[in-house]
Amino acid sequence: MRSRRILFALLWLLTFAAQLPAATPPTRPNIIIILTDDQGYGDLGCYGSPSIRTPNIDRMAAEGVRFTDFYSGAEVCTPSRTALLTGRYPLRSGMAGNRRVLFPNSAGGLPPAEVTLAEALKARAYTTAHIGKWHLGIHAGSRPQDQGFDSTFGLPYSNDMDARPGITAKDRFSAHPPADGWNVALQRNGEVMERPADQTTLTKRYTEEALRVIAAANDKPFFIYLAHSMPHTPLFASPAFKGKSRRGIYGDVIEEIDWSTGEILAALRRAGLAENTFVFFTSDNGPWLTEGAQGGSAGPLREGKGSTWEGGMRVPGIAWMPGRVRPAVTSEPASSLDLYPTALALAGAPSPTGVALDGLDLLPLLVGQRALPERPYFFYRGTELFACRLGEWKAHFRTQSGYGQPQPDVHATPLLFRLPHDPSEKYDVAATHADVLTRIASAVTAHRATIVPIEPQLK
Ligand code: MG
């Protein structure tokens, strides 16, 4: 009898032990998303910039996974940020439309019903901090403090909005923009701290705020959404960086963001949190080419911000979590839509119920080094589907430059590019690949069937 009891106890122990993973992953790791504004694909050392020095981000890339084919969720600010924070194509929440982005006089904003990444992580008791640009609405229900963030510090929208009388677009993309030209307010938890914000110290102060959140974490998991205001024009760098780069003020600004990233990773290392913090670095869209030398570079990619050519939406993407994310360069296509399900998987947080998510958990790729399943990626301009990528192929149904071309070119037979062979989208191969166009057409039909009409917010 006694020996039977011991046997049962042993069996129970064995069964329990078998359920434990071989190496227990860290529970509820911290999550930091660093999002730059209008930084191009070619504006980092590790993405081939010949004149901008980014040793900290280059080291982050060498220690983590660098994506060669990472996409923003949209071609401009507001919808791109919506995609990142909701894990959904922005037209699903009404955050895409003719006006392209929210303006200070817009009535709309991110609907309260949307479950942001911050809200989803609250279910796992994360401390959530928004730092930097918001641009998802200034009215009650849409502000960071209404959308799951315990604290918020930064600008309510772009740094070029609220231009003072007499300020022109030319002032905005000057190499020496007037320091008091824009009346945008720096706010903490909804209270105005400084107006106009001293933009020369924004990157520095955002960084100090991130370090403060890390230091205050006290063993509680945290989520930091650090959305830099730069390098969106007008460009400002702090005195320590101004005039220091070989790439003018644009390079100064990126080198300060590189410093900022290095400070954050160093703080994580010092606090013993590096192995338990997932950091992702990316940009909200491609470079603003109409800003001249004050706009960035898409490297070999065609066009820039505002367009659905590769230069408008393919951006830097770097994942870092020493000891867990294994160093690699990957050409798997992925996008900022994937960060939401990836963060939920890391945190062990449930997906919101009844919500159509558009991305995939990237951990099998980042941790397990397994290929992701082939899936289509859709390029929208406003609410209009312009292009679709499937595997190596990208079909354009409509094309339009980011700015300055009033109407799109509509292609009865879509343009088709094989991106690894032709990253600059120069050589249309539709005529010889009708089978690919058929596969893409059925992916589009299946996707369209999932879109539910909703009240537009960007009217
Ligand atoms: Mg932007």
For Lys459, counting only lysines whose alpha-carbon sits under 27 Å away and dropping same-chain residues fewer than eight positions off, the answer is Lys133, Lys170, Lys305
Residue-normalised value, i.e. accessible area per residue, for the chain at 1.4 Å probe, in Å², stands at 40 Å²
What helix-only [θ] at 222 nm does the chain give? Using -39500 (n - 2.57) per DSSP H run of at least 4, over all residues, to the nearest 500, the answer is -7500 deg cm²/dmol
Given backbone amide H placed at 1.01 Å from N, residues whose amide H is under 5 Å from that of Tyr71, ignoring those fewer than 5 places away on the same chain, are Val315, Ala334, Ser335, Ser336
Packing-ranked peptide list from 339-350, 216-227, highest mean Cβ count within 10 angstrom first, is 339-350, 216-227
For region 353-359, Karplus-derived ³J(HN,Hα) couplings (6.51, -1.76, 1.60; θ = phi - 60°; whole Hz; x for glycine and proline) come out as 7, x, 10, 7, 8, 9, x
Sequence order, region 145-160: Karplus ³J(HN,Hα) from phi using 6.51 cos²θ - 1.76 cosθ + 1.60, θ = phi - 60°, Hz rounded, Gly and Pro as x, gives 5, 8, 10, x, 9, 5, 9, 9, 9, x, 9, x, 7, 5, 6, 9
By the mean-Cβ-within-10 Å protection proxy, highest first, 442-451, 375-384 rank as 375-384, 442-451
With +1 at each Lys and Arg Cβ and -1 at each Asp and Glu Cβ, the charge dipole magnitude of the chain around its Cα centre, to the nearest 20 debye, comes out at 1080 debye
Treating only Lys and Arg (+1) and Asp and Glu (-1) as charged, each at its beta carbon, one finds that region 304-437 has a dipole about its Cα centre, in Debye to the nearest 20, of 300 debye
With label points set 7 Å from each Cα along the Cα-to-Cβ direction at Arg246 and Ala293, the distance between them in nm comes to 1.5 nm
Between Leu415 and residues 5 or more places away or on another chain, the pairs with built amide H atoms under 5 Å apart involve His396
The FRET efficiency for Thr353 and Val452, from their Cβ-Cβ distance with R0 = 22 Å and rounded to 0.05, is 0.85
Once both label points are put 7 Å beyond Cα along the C-beta direction, the Glu384-Asn105 separation in nm becomes 2.4 nm
Per its Cα gyration tensor (rounded if a/c is under 1.5, else prolate when a/b beats b/c, else oblate), the chain is best filed as oblate
Once amide hydrogens are built 1.01 Å from N within the peptide plane, the residues lying 5 or more places from Gly97 or on another chain with amide H under 5 Å from its amide H are Gly382, Thr383
Here the gain from full extension of Gln405 to Glu194, 0.36 nm per residue of separation minus their alpha-carbon distance, amounts to 72.2 nm
Of 71-84, 30-43, 294-307, 110-123, ordering from highest average Cβ density within 10 Å down gives 71-84, 30-43, 294-307, 110-123
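The values are calculated or read from the model by the stated rules, or taken from the named source; none is laboratory data. Everything numeric here is computed off the predicted structure, so don't read it as measured data. Note that each Cβ is placed from the backbone with ideal geometry, even for glycine, and that neighbours are counted across all protein chains shown. Ligands, DNA and RNA are excluded from the accessible area calculation, which covers all protein heavy atoms including side chains. Shrake-Rupley method; radii C 1.70, N 1.55, O 1.52, S 1.80 Å.
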